Structure formats: C-alpha cells, structure tokens
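Notes to accompany the following structure.
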Amino acid sequence: MKQMSVEIIIQRSIEEIWVFDIPNNADPQDVFEEIERNPDTLWTKYNPILYEASDLDETVTDVTRFEVE
C-alpha cells in the first residue's frame with residue numbers, strides 16, 4: 001500500500017470580537033477610527049482580550065502538490 005499526501009491552501013474568513021479598556025475621556029468613535037486606519041493599534045496600544053471567534057467560511061484556493069511514498 002502507498003501513502004499519499006496532498007498540500008492544500010485554505011483561505012478562511014474568521015470573525016473575532018475583542019474587548020479592551022479605553023480611557024474615560026476617550027471618544028469611542030475616535031478609537032474605532034484609529035483601529036480602522038491601523039489595525040495593529042489594537043494590539044500595540046490597547047492590549048485586547050479575545051472574547052469570541054467564529055469561522056464564517058472556508059475555501060480551498062489551491063492544491064499545490066502531492067507526494068507518494
């Protein structure tokens with residue numbers, strides 16, 4: 001019997017909800033727009049905690065190679 005392996009590239013759409021504290025005097029709309037412009041700000045400035053994550057969709061985009069042993 002032969003063993004075969006196949007490499008597949010999968011593209012996933014994931015929805016995540018993060019929670020984090022903001023200063024009392026911060027405008028939530030400004031914070032949202034800042035994160036929208038530069039998503040890295042969420043991690044570099046606010047130290048969020050992952051609250052919820054959901055897999056929305058999964059698509060095989062390519063089958064790249066195979067091997068047989």
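Test Glu34 against the stated conditions and say whether it is charged (D, E, K, R) and in contact with a Ser or Thr (Cβ under 8 Å, 6 or more places away or on another chain). Here the answer is yes, as Glu34 does meet what is asked. A single member of Asp30, Asp57 is assigned to a helix (DSSP H, G or I) and either out of contact with any Leu (no Cβ under 9 Å at 6 or more places or on another chain) or surrounded by 10 or more Cβ atoms within 10 Å (Cβ to Cβ) (or both), and it is Asp30. Restricted to region 1-41, and to residues there that are small (Gly, Ala, Ser) and under 30 Å from Glu67 (Cα atoms), the residue that is modelled with the highest pLDDT is Ser13. The test for being touching a residue at least 12 places away in the same chain (Cβ under 8 Å) and of a type in the set (D, E, K, R) does not hold for Glu34. Candidates are the residues of region 42-54 that are hydrophobic (A, V, I, L, M, F, W, C) and either at positive phi or open to solvent by 100 Å² or more (accessible area, probe 1.4 Å) (or both); the one that is modelled with the lowest pLDDT is Trp43. Taking region 11-27 as the range and being open to solvent by less than 80 Å² (accessible area, probe 1.4 Å) and either touching a residue at least 40 places away in the same chain (Cβ under 8 Å) or assigned to a loop (DSSP other than H, G, I, E, B) (or both) as the test, the residues that pass are Ser13, Phe20, Ile22, Pro23, Ala26, Asp27. Would you mind stating whether Ile8 is surrounded by 10 or more Cβ atoms within 10 Å (Cβ to Cβ) and in a strand (DSSP E or B)? Criteria met by Ile8.
The values are calculated or read from the model by the stated rules, or taken from the named source; none is laboratory data. Predicted model only: the values in this text are computed from it and were never measured. When we count neighbours, we look across all protein chains shown, and the Cβ atoms used for this are built from the backbone with ideal geometry, even at glycine. The accessibility values were calculated without ligands, DNA or RNA, using every heavy atom of the protein model including side chains. Shrake-Rupley method; radii C 1.70, N 1.55, O 1.52, S 1.80 Å.
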